[in-house]
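Some notes on the structure that comes next.
The values are calculated or read from the model by the stated rules, or taken from the named source; none is laboratory data. Small disclaimer: the values here were computed from a predicted structure and weren't measured. Cβ: placed from backbone, ideal geometry, glycine included. Neighbour counts: every protein chain shown. SASA here: full protein model, heavy atoms, side chains in, ligands and nucleic acids out. Shrake-Rupley method; radii C 1.70, N 1.55, O 1.52, S 1.80 Å.
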Amino acid sequence: MAACDTDKERASAFASRVYSSPEEMMDHEALDFVDIVTPPATHLSLVRLAISRGIPAICQKPMAANEEEAALLVEACGSSGIAVMIHENWRWQPWYRKVHEAIAAGSIGRPITYWMRTVRADGAGSEPYAAQPYFRSMPRLLIYETLVHHLDTARFLFGDLASVYALARRRNPVIAGEDQALLALRHSGGVDGCISGHRFLDASPAEPVMGEAVFEGEDGVLTVLPNGDVHRNGVLFWKNDVMKGYRGDSVYAAQRHFLDCLERGAPFETGVAEYYKSFRAAEAAYESIASGCAISF
């Protein structure tokens, strides 16, 4: 395994063969794939570099710095035929996989509506987001960085979106972007939903869901509790016992999916063209905030 970072010492924590230039690494190593974990503004150039060498890639979200670059990324990957997946792990959290299975099996009948809420108490004070201080200077924050997870999960559960209406505000004046938002969504298949979030309160318990969710159908309701348990009509339906890894070991599950699809030559759930729809939904939320109107697809 090889690693590349502008700081070679930092790269050496992950691999014995280290580089400060991605071009040098890709030209000197026989790579099965590359894992791109750099800031969004670098994603387009690094993915282009990988596919120019014929190397598959898994690339962190946010997919790109803006919609123009995201569209160029889709175009580049589509014309290359090289497998590229966006690392979106939220839909791989086991409680959402269980909800997906239950809805598909008819557990709540025909879905009507849903509500997904995410909260975390790290956005207050003069030095918020201590674990990720670069959040403070981002001109777009909560929707771009966090609620895009929930937009993608909603698409995973209920299909493509037909429209988005969004409200947002900045509560903490020391940051540049929004830290509270409310999104009203309409899916093409007839389901309506709401996604809300802020960074001033921890759910109880705080881990691992970072919030909670409710999914209503004509025959019942599924509720995801903050601890990851899923209830159906108020009765325990699935007990969460996945305590290792990140939020239900969802990072491992996403990476396992990437490797499995590479081995089988199968499409990724969050391939670049497919995940662009989730990225576009987040962009539409900002368009809605600016215009005061719902944005239709």
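What the table below lists for this structure:
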| read-out | value |
| --- | --- |
| Any hit, region 226-243, residues being in a helix (DSSP H, G or I), buried (at least 17 other Cβ atoms within 10 Å of the Cβ), in contact with a Gly (Cβ under 9 Å, 6 or more places away or on another chain) and not aliphatic (A, V, I, L, M) | no |
| Residues that are farther than 14 Å from T113 by Cβ, crowded, with 16+ Cβ neighbours inside 10 Å and touching a residue at least 24 places away in the same chain (Cβ under 8 Å), drawn from region 177-199 | G177, E178, D179, Q180, A181, G197, H198, R199 |
| Filtered residue count, region 209-220, keeping only those that are open to solvent by 40 Å² or more (accessible area, probe 1.4 Å) and not in a loop (DSSP other than H, G, I, E, B) | 2 |
| Hits in region 143-164 (condition: under 13 Å from R280 (Cβ atoms) and acidic (D, E)) | D152, D160 |
| Positions within region 172-208 being part of a loop (DSSP other than H, G, I, E, B) and under 30 Å from D160 (Cβ atoms), in sequence order | G177, E178, D179, S188, G189, G190, V191, R199, A203, P208 |
| Those residues of region 56-65 which are without any contact (Cβ under 8 Å) to a residue 60 or more places away in the chain and open to solvent by 10 Å² or more (accessible area, probe 1.4 Å), in sequence order | Q60, A65 |
| Region 269-286, residues that are in contact (Cβ under 8 Å) with a residue 60 or more places away in the chain, charged (D, E, K, R) and open to solvent by 60 Å² or more (accessible area, probe 1.4 Å) | K277 |
| Selection from region 78-112 of residues that are exposed (fewer than 15 other Cβ atoms within 10 Å of the Cβ) and not aliphatic (A, V, I, L, M) | G78, S79, G81, E101, G106, G109, R110 |
| Tally of residues being in contact (Cβ under 8 Å) with a residue 60 or more places away in the chain, surrounded by fewer than 21 Cβ atoms within 10 Å (Cβ to Cβ) and over 17 Å from R120 (Cβ atoms) across region 132-154 | 1 |
| Per-region count, region 244-259, residues within 20 Å of F33 (Cα to Cα) and open to solvent by 50 Å² or more (accessible area, probe 1.4 Å) | 4 |
| Total residues in region 2-55, condition within 23 Å of E88 (Cα to Cα) and open to solvent by 60 Å² or more (accessible area, probe 1.4 Å) | 9 |
| Breaking point among (1) open to solvent by 30 Å² or more (accessible area, probe 1.4 Å); (2) without any contact (Cβ under 8 Å) to a residue 60 or more places away in the chain, for A266 | (1) |
| Count of residues meeting criterion [touching a Leu at 6+ places or on another chain (Cβ under 8 Å) and aromatic (F, W, Y)] in region 123-145 | 1 |
